Amino acid sequence: MLHITKLAVGVRDIEHLRELQAERAQRNPPLRHRTRNFPRRRDEVVDGGSIYWVVSGATLVRQRILDVIEDRWDDNSACAGLIFDPQLVPVAARPTRPFQGWRYLRPEDAPPDLVQGRRARGEVVLPPALRRELQALCLL
């Protein structure tokens, strides 16, 4: 198994990513992300791998990669299509520097899933940027 990490360019937070993907999946199913380069290690990625999304400078969420297919851009040029499970799983926030394209991520280097338990009192009203900072410091 092997994961992929990718910048979610223009995405503000997890909820924004969820909204964008829901709209995209409805308009042009199945839910996918197109990318120029086809993963050479495709078989390892589809064997239980996930894409870890970097949102506003931190790895915040992952979603399972169901398949990697040969796809086409709108101009009909070839690309790879990463087919996703629509479920977004929050992970322990990890600051991540910007990079181009995508990168492989070994399972032992991946941030752990957040345990969906009770939220801290007042957490819901925190601005997303402050919430990310507190998560990165392991205070939430």
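The values are calculated or read from the model by the stated rules, or taken from the named source; none is laboratory data. Keep in mind that this is a model prediction, so the values were computed, not measured. All Cβ positions, even for glycine, are placed from backbone atoms using ideal geometry, and neighbour counts span all protein chains on display. To get the accessible areas, we keep the full protein, side chains included, count just its heavy atoms, and leave off ligands, DNA and RNA. Shrake-Rupley method; radii C 1.70, N 1.55, O 1.52, S 1.80 Å.
Run down Leu60, Leu114, Leu134, Leu88 and say which single residue is surrounded by fewer than 16 Cβ atoms within 10 Å (Cβ to Cβ) and closer than 18 Å to Arg12 by Cα.
The match here is Leu134.
Out of all the residues in segment 66-74, is one or more at pLDDT 95 or above, open to solvent by 40 Å² or more (accessible area, probe 1.4 Å) and β-branched (Val, Ile, Thr)?
Checked segment 66-74: at least one residue is at pLDDT 95 or above, open to solvent by 40 Å² or more (accessible area, probe 1.4 Å) and β-branched (Val, Ile, Thr).
Scanning for something open to solvent by less than 100 Å² (accessible area, probe 1.4 Å), modelled with pLDDT of 95 or more, part of a helix (DSSP H, G or I) and not aliphatic (A, V, I, L, M), does segment 95-108 turn up at least one residue?
Yes, there is a match, as at least one residue in segment 95-108 is open to solvent by less than 100 Å² (accessible area, probe 1.4 Å), modelled with pLDDT of 95 or more, part of a helix (DSSP H, G or I) and not aliphatic (A, V, I, L, M).
This table checks each residue for (1) farther than 14 Å from Ile51 by Cα; (2) under 17 Å from the mean Cα position of the chain (by Cα); (3) of a type in the set (Asp, Glu).
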site	(1), (2), (3)
Phe84	no, yes, no
Gln87	no, yes, no
Pro98	yes, yes, no
Asp109	no, yes, yes
Pro112	no, yes, no
Val115	yes, no, no
Arg121	yes, no, no
Val124	yes, no, no
Leu130	yes, no, no
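Please find, among Ile51, Ile14, the residue that is more than 21 Å from Glu133 (Cβ to Cβ), in contact (Cβ under 8 Å) with a residue 12 or more places away in the chain and among the hydrophobic types (A, V, I, L, M, F, W, C).
Answer to the check: Ile51.
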